[in-house]
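None of the figures in this text is laboratory data; all of them are computed from the coordinates on show. Predicted model only: the values in this text are computed from it and were never measured. Cβ placement follows ideal geometry from the backbone for every residue including glycine, while neighbour counts extend to all protein chains displayed.
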Amino acid sequence: MSIIIFLLILGALVLIHEFGHYIIAKKNNVLVEEFGIGFPPRLWGKKVGETLYSINLIPLGGFVKLHGEEYNEIKVNTESKSQKKRAFVFQKPHIKAAIITGGVIMNLVLGITIYYIILSINGFQSDAIPLIKPYQFRFGSQQGRVVVTAVQKDSPAAKAQLSPEDLIIKYQISPIMYETAWKSVNSASELISIIKNSQGKTVFLYTESVKNGVKKTIQVIPKYNPKLKRAVIGIGLLDTAIISYKTPIQKVFSGFFHSYNIMTYNYSTIAFLFQSAVMEKNAELVTGVVSGPIGIFSVVSDIVKTSGTKLIMNILNITALLSLSLAFMNILPFPALDGGRFVFVLYEWVSKKPINKTVEQYANLGGFIFLILLALVVSANDIMRFFR
C-alpha cells in the first residue's frame, strides 16, 4: 500500500509538472515529440497524432521532449521550413519562457489548491507546524502549541501512555479532573515550568495525536530528577505553531497564504541549519533534513502506517508540500533545471541574441550529471539513515 501511494503521489506531481510544459507548447504550436512518465528504458509507448506517449522503467520523474530543445538537435539540411518553425529554439523568448515555467506554475497551482482544500475542511486552521527555531509567519494568526518528541522508558509519562507526536493542548493541576479550569499550553518552556513547579501533584494533560487525530486525557505526577535538579515527567518537547486564517480575505486566499508561509519557513530553516552546520562543523545538521525519493518513501510509508482516520488529509498535506518543493527546486537558476533554461532565455530576451550553442549544450550536460550525482549521494544518505 505504501509503495502504491508513493508512486501515485510521485506520478501525480510529475504528470502535473510535465503537463504544464506540454499544454503551453501545444498551445503555441511547438512540436511535442514525446510525453513520458518515468525515465527510460521505455516499457510502453503509443503515438497519438505527432506525439509519443510513454511509460518508462525508472519511476522517479518524467519528461516532455520538444522538437529542437537545443540548436545542436536541429537537422539543418534535412528539416523543412515548417519543421524548423515548430522547433523550440526558434520560438520567441516570451513563448520559450512560458513553456519553461509552465511546469513550475502547475506545481504551484496544485500545492495552493490542495492547501485550500485542507484548510477549508479544517475550519481554515492549519495542523501543528514543528518549529526548529523561533519563527513568526507572515500571514494568518499564529498560536503556539507543544508536541512530545520522545518519552523515556518507565517515566511518569510512559506509565500514563503519553506518546511521541502527541500535541499537548491544555492542562489542569488538581487532585480530581475538572476541579479547576483547563489552561492552554503555548510553549515548551511554559510546560517545563508547570511541571517543574508541580512535584508530587497530579497534572492532567489533554492531548491530540499529530498523525492520527486521537484525543485523550492522561494524568501524571512529576518526580524530582537529581541530575536536572527539578521535577520532570520524562518527555522531550518541541514548539509548534498553528496558523488560523480568520478574515474573509485570508480565507479566500488561504491556499496562497499558507503556501507562502510554509515555503518561506522551510527554506529559512534550511538556511539556518546550513549556517549552524558550518559554525559547528557538523554536516549531519543538514543531511538529517535533506531527503531524496527513498527518504520521501519512508515518510509516506510512516504516514500510511500511523495516520488512521487522518490518512487522506495527511497524504494531501505531504503532496502539497512536495508539489511546492518541486516548483521551488525546478525554478532555481541551475543548468538542466527549468530555472537554468529560463536564465538562458532571459539572456536572449535582453541581449536580442541566443546564448552560445556550445555553452548551452555543455552547461546543461554538466548540470544534468551534477544532479544525477547529487541524487545518488542523497539516496545513499537516505539508505544509511534508514538502517540506523
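Only the Cβ atoms of Lys and Arg (+1) and of Asp and Glu (-1) were treated as charged; on that basis the dipole of the chain about its Cα centre amounts to roughly 440 debye.
Here the alpha carbons of the range 153-306 define both size measures, Rg and Dmax, at 19.2, 53 Å.
How high is the relative contact order of the range 141-243, in percent, counting Cα pairs under 8 Å that sit 6 or more residues apart?
Details: 227 pairs, mean separation 39.1, N = 103.
So the answer I get is 38 percent.
The amide H of ALA241, built 1.01 Å from its N in the peptide plane, has ILE129, LEU131, ARG145 as neighbours under 5 Å, considering only residues 5 or more places off or on other chains.
Positive-end ranking of SER351, ALA271, PHE368 along the dipole of the chain, with charges on Cβ about the Cα centre, is headed by ALA271. A Gaussian network model of the chain, with springs between Cα atoms under 10 Å, assigns the largest mean-square fluctuation among ASN107, ASN330, ASN56 to ASN56. Here's the picture: charge each Lys and Arg Cβ at +1 and each Asp and Glu Cβ at -1 in the chain, and of SER307, PRO41, SER198 the one pushed furthest to the positive end of that dipole is SER198. Taking the charge dipole of the chain about its Cα centre, with +1 at Lys and Arg Cβ atoms and -1 at Asp and Glu Cβ atoms, the residue from ILE235, ILE95, ILE105 reaching farthest to the positive side is ILE235.
Rg then Dmax, both in Å and based on the Cα atoms of the range 68-172: 26.7, 83. Each residue of the range 206-223 was assigned a 3J(HN,Hα) from its phi angle through the Karplus curve 6.51 cos²θ - 1.76 cosθ + 1.60 (θ = phi - 60°); the sequence is 9, 10, 9, 5, 4, 7, 10, x, 5, 9, 7, 10, 10, 10, 10, 10, x, 10 Hz, with glycine and proline shown as x. Amide H contacts under 5 Å for LEU162: none, restricted to partners 5 or more places along the chain or on a different chain, H placed in the peptide plane at 1.01 Å from N.
In this structure, ILE294 and THR180 have a Cβ-Cβ separation that, at R0 = 35 Å, corresponds to a calculated FRET efficiency of about 0.10. Between the helical axis of 293-306 and the longest alpha-carbon principal axis of the chain there is an angle of about 40 degrees. The Cα atoms of the range 136-241 cover 43, 32, 25 Å along the three principal axes, with the biggest extent listed first. Dividing the helix sum by the residues of the chain, where each DSSP H run of 4 or more adds -39500 (n - 2.57), gives a mean residue ellipticity at 222 nm of -16000 deg cm²/dmol.
Arrange the peptides 349-356, 84-91 so that the one whose residues have, on average, the most other Cβ atoms within 10 Å appears first.
Working: 349-356: 11.8, 84-91: 18.4.
Highest to lowest by the protection proxy: 84-91, 349-356.
Distant-in-sequence amide contacts of LEU43, defined by a placed amide H-H separation under 5 Å and a gap of 5 or more residues or a different chain, comprise ILE55, ASN56, LEU57. Between helix 338-351 and the chain there is an angle of about 50 degrees, using the helix long axis and the longest principal axis of the Cα atoms. Computed from Cα positions, the angle between helix 254-280 and the longest principal axis of the chain comes to roughly 80 degrees.
Computed from the Cα positions only, the extents of the range 332-388 along the three principal axes stand at 54, 19, 8 Å, in decreasing order.
Please go through the residue pairs LYS183/LYS216; LYS81/LYS352; LYS26/LYS96; LYS159/LYS310; LYS201/LYS227 and name each one whose alpha carbons sit more than 18 Å apart in this structure. Among LYS183/LYS216; LYS81/LYS352; LYS26/LYS96; LYS159/LYS310; LYS201/LYS227, the Cα-Cα distance tops 18 Å for LYS81/LYS352; LYS159/LYS310; LYS201/LYS227.
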